[in-house]
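Asker: For reference, the structure I am asking about is given below.
The values are calculated or read from the model by the stated rules, or taken from the named source; none is laboratory data. None of the values given here were measured: they were computed from a predicted structure. Ideal geometry is used to build each Cβ from the backbone, glycine not excepted, and the neighbour counts take in all protein chains shown.
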Amino acid sequence: MDRCVVLVDAGYLLGAAASLLAGEPARSRITVDHAALIQALRDRAQADTDRPLLRIYWFDGAPDRVPQPEHRRLRVMPRVTVRLGALTRSDGRWAQKGVDAAMHAELTELARNRACSDVVLVTGDGDLLPGLVSAKEHGVAVHLWAVQAADGDYNQSEDLVAEADERRVLDRAWITQAVRAKEFSGVCAPPPAPRPEIAAILSAPLPEPAGSSTERSRESDTPAPGGNGTAHPAPPAAGGTGGEGSPVTQQSAKGVPTPKDLAGLRGPSGQAERQPAAGATLRWSSDRGWIERSGGVPAEPPEAVSLPTLAQLTSAEQRWADREEDITTVSGDPFEVGQVFARRWMERLPDTAHVEKLSGMYPRVPHRIDGELLRYAARFGLLAHKDDQIDEHDRYAIRAGFWREIDVRAAMERAPAGD
């Protein structure tokens, strides 16, 4: 058949693009416009082979072979088929399993069935050499595409290069049509002004035992808020921090504090604070109940229980439209996921007073709404697959996005009254 097929090793294409544009192969360092990338691959393949495109096969790895947000967007695009291998973590690094085997099987099957006259391979892995040779033996012309290497050298197997019928290099100008390097700031989400930055929340110290000298010293200090609304930690009490039992040491030993850890922190006053300072109680909710400073767990207040959930506000038609939007336009970024959920909830409220009511509960998301928010986020693959729980950093980013959207709407609702 006089048509072409493109087989893309996404790990190679995007990893090499990250090396070229960001200086390291981590795909987290780049942003990808997948629609633009697919269109560029299609146009380039048809121009290079002088054949119409049959299909683009996108091979990638995913934890437990569960489609990630980008895979969900790709698989609904015209002429795109997604094939997933496993993504496993070993010694702190992610590795694909089964992707090369899947590419080899697809390449061999296409050639054997004479489904195309030309195959474009976007890969660098020498494991595909037997499949490439087999395709040639079945009369298929093999075009091998490389991504321009960051160091100007080859980033492909020399055996693949030697066996390919045609070879092209996707240079920086071509790559940047659809791929950009991220401006890396070290913060896991944009600061949800006027809420505290995510980085400040994650760096909050773990609680000291009640009545300890360190805690009493901390309570006597008044943290000074910064110019951007983010609280700065109080200066350490003399002799009260830096030892083995200090909050800093506890946190570094345990890692990111959990919502339960943060809920045990005491603030400089006995009242709930709208703008938490360092040492204040941050009542994020992954725990059941309404957590007070005393450590008790009374029931949620009536105004929290009275708030409707998104499921109660959503019709069957809206549910269908939501799924379409999730598949085609929502990237799955944790901060964005929180924003999308909050926007839908607010747009469907019969009474806008609920927005102000919820805003007054900051930073605690009522349990029913919070659980629904996290279940929604789980659709986008935001799970740490070790224990099927959403990563703690992602939880903070999800809720930060949620509160950012609530803040914007609440400010709009209050604006007319202030004019």
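Asker: With the condition kept exactly as written, say whether any residue in segment 122-136 is farther than 17 Å from ASP100 by Cβ and either touching a residue at least 24 places away in the same chain (Cβ under 8 Å) or among the acidic types (Asp, Glu) (or both).
Answerer: Applying the first criterion (farther than 17 Å from ASP100 by Cβ) to segment 122-136 yields 136.
From what's left, either touching a residue at least 24 places away in the same chain (Cβ under 8 Å) or among the acidic types (Asp, Glu) (or both): 136.
Yes.
Asker: Considering segment 128-155 alone, what residues qualify as being outside any helix (DSSP H, G or I), modelled with pLDDT of 90 or more and on the phi < 0 side of the Ramachandran plot? Don't jump to the end; show me each part of the working.
Answerer: Filtering segment 128-155 for residues outside any helix (DSSP H, G or I) gives 138-155.
Next, only the ones that are modelled with pLDDT of 90 or more stay: 138-148.
Of everything in segment 128-155, those that are outside any helix (DSSP H, G or I), modelled with pLDDT of 90 or more and on the phi < 0 side of the Ramachandran plot turn out to be HIS138, VAL140, ALA141, VAL142, HIS143, LEU144, TRP145, ALA146, VAL147, GLN148.
Asker: If a residue must be among the charged types (D, E, K, R) and either at pLDDT 90 or above or surrounded by fewer than 17 Cβ atoms within 10 Å (Cβ to Cβ) (or both), how many such residues does segment 310-346 contain? Even if it seems obvious, please write down each step before you answer.
Answerer: Filtering segment 310-346 down to residues among the charged types (D, E, K, R) leaves 317, 319, 322-326, 333, 336, 343-344.
Then keep just the ones that are either at pLDDT 90 or above or surrounded by fewer than 17 Cβ atoms within 10 Å (Cβ to Cβ) (or both); that gives 317, 319, 323-325, 343-344.
The total comes to 7.
Asker: May I ask you to say which residue of GLY371, GLY332 is closer than 29 Å to MET77 by Cβ and either within 14 Å of the chain's Cα centre (by Cα) or in a helix (DSSP H, G or I) (or both)? Give the steps one after another, and end with the answer.
Answerer: Working: GLY371 fails: closer than 29 Å to MET77 by Cβ.
Selected residue: GLY332, the only one of GLY371, GLY332 that is closer than 29 Å to MET77 by Cβ and either within 14 Å of the chain's Cα centre (by Cα) or in a helix (DSSP H, G or I) (or both).
Asker: Name, by its number, the condition in (1) in a helix (DSSP H, G or I); (2) touching a helix residue (DSSP H, G or I) at 6+ places or on another chain (Cβ under 6 Å); (3) free of Cβ contacts under 8 Å to residues at least 40 places away in the same chain that does not hold for ARG72.
Answerer: (3)
Asker: Does ALA101 count as within 30 Å of the chain's Cα centre (by Cα), part of a helix (DSSP H, G or I) and surrounded by fewer than 17 Cβ atoms within 10 Å (Cβ to Cβ)? Outline the logic, then answer.
Answerer: Values: within 30 Å of the chain's Cα centre (by Cα): yes; part of a helix (DSSP H, G or I): yes; surrounded by fewer than 17 Cβ atoms within 10 Å (Cβ to Cβ): yes.
Yes, satisfied.
Asker: Let me ask you something else. Anything in segment 3-44 that is part of a strand (DSSP E or B), at pLDDT 95 or above and not charged (D, E, K, R)? List them, or say none.
Answerer: CYS4, VAL5, VAL6, LEU7, VAL8
Asker: Please count how many residues of segment 66-105 are modelled with pLDDT of 85 or more and farther than 19 Å from LEU14 by Cβ.
Answerer: Residues meeting the conditions: 6.
Asker: Quick check, is ASP9 under 28 Å from ARG93 (Cβ atoms) and in the same structural domain as PRO78 (by TED's automatic domain parsing)?
Answerer: On the way: under 28 Å from ARG93 (Cβ atoms): yes; in the same structural domain as PRO78 (by TED's automatic domain parsing): yes.
When the stated conditions are applied, ASP9 passes them.
Asker: ALA417 - would you say it is of a type outside the set (D, E, K, R) and modelled with pLDDT of 85 or more? Write out each step before concluding.
Answerer: Numbers: of a type outside the set (D, E, K, R): yes; modelled with pLDDT of 85 or more: no.
Answer is no for this residue.
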